[in-house]
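Here's the structure we're looking at; comments come further down.
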Amino acid sequence: MSLIKSISGIRGTIGGKSGDALTPIDIAKFTLAFGSILKAQGAKKIVVGRDARISGDMVHRIITGNLLGIGIHVVDLGLATTPTVELAVTAEEADGGIIITASHNPKQWNALKLLNSKGEFISQALGLEVLELAEQGDFDFVDVDQLGQIEYKDYLEYHISKILEIPFVNKAAIEAKNFKIVIDAVNSVGGFAVPKLLEALGVKETVELYCEPNGRFAHNPEPLPEHLSNLSSAVKQNNADLGIAVDPDVDRLALIDEQGIPFGEEFTLVAVADYVLMHKKGNTVSNLSSTKALRDITEKYGASYFTSAVGEVNVVEKMKEVDAVIGGEGNGGVIYPELHYGRDALVGIALFLSHLATSNKSTNNLRSLYPNYVISKNKIQLEEGMNLSFIIRKIAEKYSHYPQNAIDGLRIDIDEDWVHIRGSNTEPIIRIYAEGSTEKTADNIAKKMMDDIKMILQGEQEA
C-alpha cells in the first residue's frame, strides 16, 4: 500500500491501514485540514469534482460530508474533468477546490488535488501547512444550525463555451474539414467531455472507444503509445483523420495520426505552441523532462523558451514569471493561460484541431514539420533505504564536466542531448528520461545512467 504527499496532492492506494494508504480516515484528515485552513482565512465555499474511477464515489462522499461538517458550502460538480473544476472555482468565486483523481495512475489509486481561489494548485507553503494540520488531527466542527450546504452544478458547457471564445479556435475551419475522429477516454470523464467538445467544434463524425465513464479502465490509463494500440487500430479501421486519447481526468492529451502512428505525447504541446505562436508572439515554458523541440519552435518565432521543475504548479509559476503565452509539460499537458493556468486536454484538442484544419495538412504531414527528437522514458522502483539525494550527488560528480541543472533532481546536457534524473511526485519511483536525435541514442544515454545508478546502489550495499 502507498500514500504519497507532494505538490501534486495527496495520493494513495485504496485499502489497507490508515497512514499507509488513502483510507477513509486519511481522506477525512486531509480534507478537514485543507477546509479548516481556508475557513480560518474566511473561506465559505469550495468546489468539488471527480473523475470516474471506481473509488471516486466513496472518496467524494467523505470529502463533501466533512466539508459540510465544518460549515463549508460545497459546489458539487460530480463527474467532471480536472480543468473544468479549475474553471468552476473562479466562475463561482469560490475559496478553493478539491479534485478527486489520481490522474494517470492505475485503478487502485486515488488522490485529492487541492486548488486555491484562482483554480490553481495550492502553493508548497500551503501544502505543508495542510500536511502538518492533518497530522495533528485537531479540528472544530459546527453545530447543526451552521452546517454547510451543498449545491449541484455542471460546468462542462461553460468550459466549452470559454474555449470557443478563444480567438485562435477556428470552428469554421474545423467544421469545413469534416474530420472523422476516434476517441479513447479510458472509461472516465473524457467519455462525455471530449465528444461534447468535438460536437461544439463542428466535428460530425466520431467513433467512441472506451467512453463509458464507469472507471473500469480498459487499459493502463496513462496515454502512452504502448497503451494505445487499440486506438491506433481503430483509427486505421475507420479511415479516421485522427485519434484522440486522454487520461482519466482529462488534463493530458495524446494523438494518433491517420496511419495509426502516435503523434508523440511530447509533441502535443509543441504543435499547439506552434499554432499559438503564429497568432501571438511570446515566451514559452515546459519542464526539465520535456522535449527541446519546444525551444526550437519558440526561437523560430524570435521568442524565449524557459524551463521549470516538474509539476504543474512549478510550470505555472515560471509561466507567470516570464509572461508565457503557452506552456505545459511533455506528457501531453497543455496550459493556455488566457483560459486558465492549468493543464487542459480540451483546450489542447480545440487548438490542435484549429492548427490541423488551417494547415491543410494531414496529421502525419503536420507531425513531419517538427524535429524527430526521441525521449526514452524509464524508471527504477524506489525501494526502502535508497538515498536519492546521495545517488544524484554521485551522478553529478561523475558528469561534472557537462552543464547541469539541479532545480529538480538533476538534468545533464550532453552536447545536443540531455538526461534528467528525479524522484516522481506521484509514484515511489526514480524517473530517468533522456532525449536524443534517435531512439538508439536516447536509450543508450538512459541505460548508461541506469547502470550508473545500479553501481552506486551496489557500492552502498557493499559498504
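Below are the figures for this structure:
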read-out: Residue within segment 88-98 that is in contact (Cβ under 8 Å) with a residue 60 or more places away in the chain, assigned to a helix (DSSP H, G or I) and either outside the structural domain of Asp51 (by TED's automatic domain parsing) or crowded, with 24+ Cβ neighbours inside 10 Å (or both) present; value: yes
read-out: Test set (1) surrounded by 13 or more Cβ atoms within 10 Å (Cβ to Cβ); (2) under 24 Å from Asp413 (Cα atoms) - Leu366 fails condition number; value: (2)
read-out: Hits in segment 215-247 (condition: out of contact with any strand residue (DSSP E or B) (no Cβ under 7 Å at 6 or more places or on another chain) and under 21 Å from Leu339 (Cα atoms)); value: Asp247
read-out: Output for segment 297-345, where each listed residue is of a type in the set (Ser, Thr, Tyr) and under 28 Å from Ile160 (Cβ atoms); value: Tyr336, Tyr341
read-out: Members of segment 202-240 found to be within 25 Å of Val169 (Cα to Cα) and either buried (at least 22 other Cβ atoms within 10 Å of the Cβ) or in contact with a Cys (Cβ under 9 Å, 6 or more places away or on another chain) (or both), listed by number; value: Val203, Pro223, Val235, Ala240
read-out: Strands (runs of 3 or more DSSP E) completely within segment 130-225 that count 2 or more residues being under 30 Å from Leu68 (Cβ atoms); value: 150-152
read-out: Strands (runs of 3 or more DSSP E) enclosed by segment 367-435 - at least 2 residues per element that are under 24 Å from the mean Cα position of the chain (by Cα) and charged (D, E, K, R); value: 374-381
read-out: Scan of segment 116-134 for residues that are of a type in the set (Asp, Glu) and loosely packed, with under 12 Cβ neighbours inside 10 Å, ordered by number; value: Glu132
read-out: Single residue of Val316, Val334, Val285 found to be out of contact with any Ser or Thr (no Cβ under 7 Å at 6 or more places or on another chain) and either over 22 Å from Asp443 (Cα atoms) or modelled with pLDDT of 95 or more (or both); value: Val316
read-out: When residues of segment 379-407 are limited to those that are under 12 Å from Arg422 (Cβ atoms) and among the polar types (S, T, N, Q), the one surrounded by the fewest Cβ atoms within 10 Å (Cβ to Cβ); value: Ser389
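The values are calculated or read from the model by the stated rules, or taken from the named source; none is laboratory data. For clarity, every value in this text was computed on a predicted model and none was experimentally measured. So basically every Cβ, Gly included, is an ideal-geometry build from the backbone, and we count neighbours across all protein chains shown.
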